[in-house]
1. Counting only DSSP beta bridges with both residues in the chain, what percent are antiparallel, rounded to the nearest 5?
2. How much length is gained if the chain between Asn87 and Ala188 is pulled fully straight, taking 0.36 nm per residue apart and subtracting their Cα-Cα distance, in nm to one decimal?
3. How much area per residue is accessible in the chain when the probe is 1.4 Å and only protein heavy atoms are counted (Å²)?
4. Using a Förster distance of 35 angstrom, determine the FRET efficiency expected from the C-beta separation of Glu60 and Ala175, and round it to 0.05.
5. In a Gaussian network model over the chain where Cα atoms closer than 10 Å are linked, find which of Gly186, Gly110, Gly35 has the largest mean-square fluctuation.
6. Given points 7 Å out from each Cα along the Cα-Cβ axis, report the Ala103 to Asp30 separation in nanometres with one decimal.
7. Taking H placed 1.01 Å from N in the peptide plane, check which residues at least 5 places from Val37 or on another chain put their amide H under 5 Å from its amide H.
8. Can you tell me the 0 to 90 degree angle between the C-alpha axis of helix 152-161 and the longest principal axis of the chain, rounded to 10?
Amino acid sequence: MTTPVVNVLPTDISAYRAGNTGIDYVHRFDSGTPGPVVTVNALTHGNELCGAYAVKRLFEHDIRPARGTLILSFANVAAYERFDPANPVASRFVDEDFNRLWAPEVLGGGRTSQELVRARAYLPVVQESDYLLDIHSMQSLSPPVMLCGTAPRGRVLARRVGVPVDIVADAGHAAGLRMRDHGEFGEADGRRTALLVECGQHWLQPTVGIAIETTFRFLLATGAIDEAAAAPHLGPPPPSQRVVEVSGPVTIKSDDFHFVEDYQGLEIIADAGTVIGHDGDDPVTTPYDDCVLIMPSKRLRRGQTAVRFGRLVE
Ligand SMILES: [Zn+2]
């Protein structure tokens, strides 16, 4: 395997360890006026560095809520601290994927790991948040995407945020529930809303810019901050967005999965039945015309998601 290019290195966040919540790396700012609890979280995956820069930017500019409560957090710092530019993939997690632990039976079960300990400590933040932005990045060179879940209110919020261009309405992975799908976030008629933004390739500089832009537009869209506070951090007005509805994940069944091309994501495959890969002896084909490939994985292991299929709907 070739070593990926690493143009972004971790930024020092040690100053933010001691929060005011009793949970390391979780800070809470109460405006004193009514309003939603809005959370921006970075480092759900330790090697996805862009979110650390975005949340640090909020601290450095003393961004405070105009109404309601603002929570700023760094989730899997234990993994982040292990980042090694010579092996940047390794620090995604310490023991297991923090973003597959959010089913009640996993959180409440008897198993433990570094990530489960952290997830259990972080759970009150997830449960309290009216709006949550979870900042991620990707292995591939895919354009950025906003994952908004299947409930209509996620799509509405993603449109209000306005970036990135591509909104993906999806239900997650067979390998385990994501934080953005936990509890009321995942319920069709719930009130709380979570977004997961994939800002671009993990270690490229533009990915950091996308994370910062998305974060400020999210705070603006949720009413946590006003235009004047956001404006210095925003780029030009974004182009209009489009929505891809995910029909389902391709979950890997064998120990030998490979794609027929080096897909990066958001490719549109014209014809139904086109072979895009092989899972053991079985061809993997697109289920319908104009099928969009969402986030093809480079971690092609049994039980994991290889890629997701979607349709452009708006
Ligand atoms: Zn991630």
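1. 55
2. 32.4 nm
3. Result: 41 Å² of accessible area for each residue.
4. Rounded to the nearest 0.05, the efficiency is 0.50.
5. Per the Cα network of the chain with a 10 Å cutoff, Gly110 tops the list.
6. Simple spin-label model gives 3.7 nm for this pair.
7. Thr69, Asp130, Tyr131
8. Taking the Cα atoms of the chain, the angle to 152-161 is about 70 degrees.
The values are calculated or read from the model by the stated rules, or taken from the named source; none is laboratory data. Model, not experiment: these values are computed from the prediction. Glycine gets a Cβ as well: all are built from the backbone with ideal geometry, and neighbour counts include every protein chain shown. Note: areas computed on protein heavy atoms with side chains; ligands, DNA, RNA excluded. Shrake-Rupley method; radii C 1.70, N 1.55, O 1.52, S 1.80 Å.
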